[in-house]
Amino acid sequence: MKRLLIVHHTPSPHTHEMFEAVLSGATDPEIEGVEVVRRPALTVSATDMLEADGYLLGTPANLGYMSGAMKHAFDVCYYPCLDTTRGRPFGVFLHGNEGAEGAERGIDSITTGLGWIKAADTVVVSGKPTKDDLEACWNLGATVAAQLMV
Ligand SMILES: Cc1cc2nc3c(=O)[nH]c(=O)nc-3n(C[C@H](O)[C@H](O)[C@H](O)COP(=O)(O)O)c2cc1C
């Protein structure tokens, strides 16, 4: 059984709606052989990261960057994961009301350092997620989970 880890900091209703849609896509019954594990970014451990085969990362944009919680997750896990997790697929969902470019750039830079492979385009939503936004989140979850099917 492969494991997909969702690391998320989703404190607001809008960001949480995105998380629920991503989770729903990742756990679609048509995707077999993939266990989905979720961890709030402030609680994730290096062991959680090492035991996963792929990742979904969700955060608001705060002050031009990813949330401090998501940065904390990388701070804790970066060096233990370096080399060991190279080549694993991942996807990202971001919520921001004033431009999430800095958050996206930061995550792209760190995941490039880790050698992870982006399995789907990053989903960025501003304001209340629309039906299309939530569908994009669902597709993101399903796409990354499907990558892990053997
Ligand atoms: C201190 C603070 C800084 C923020 N900085 C940014 C930012 O740099 N870029 C952005 O797009 N949104 C920014 N936001 C908006 C948050 O991303 C937004 O509040 C969050 O995604 C939740 O969305 P909601 O407030 O619509 O529920 C900021 C919010 C706060 C409270």
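Here are some notes:
- The H on the amide N of Gly58, modeled in the peptide plane, is under 5 Å from the matching H of Val7, His8, His9, Phe93, each at least 5 residues off or on a different chain.
- Computed over neighbours whose Cβ is under 15 Å from that of Met18, the net charge equals -4, Lys and Arg +1, Asp and Glu -1.
- Contour excess over end-to-end distance, with Cα ends at Ala46 and Asp121 and 0.36 nm allotted per residue: 24.5 nm
- Candidate lysines for bridging to Lys118, where Cα separation is under 25 Å - those fewer than 8 sequence places away on the same chain excluded: Lys2, Lys71, Lys131
- For the chain, a simple Cβ point-charge model (Lys and Arg +1, Asp and Glu -1, everything else neutral) yields a dipole of about 320 debye relative to the Cα centre.
- Table column - 3J(HN,Hα) (Hz), the stretch 82-92, Karplus curve with 6.51, -1.76, 1.60, x for Gly and Pro: 4, 6, 5, 9, 3, x, 7, x, 8, x, 9
- By DSSP, the beta bridges lying fully in the stretch 1-118 are antiparallel in about 10 percent of cases.
- The label-point distance for Lys131 and Met149, in a model that sets each label 7 Å from Cα toward Cβ, rounds to 2.6 nm.
- The chain shape via C-alpha gyration tensor axes, a/c threshold 1.5: oblate
Where a number appears in this text, it was derived from the coordinates with a stated rule and is not lab data. Because the structure is predicted, anything quoted here is derived from the model rather than measured. All Cβ positions, glycine included, derive from the backbone under ideal geometry; neighbour counts span all protein chains shown.
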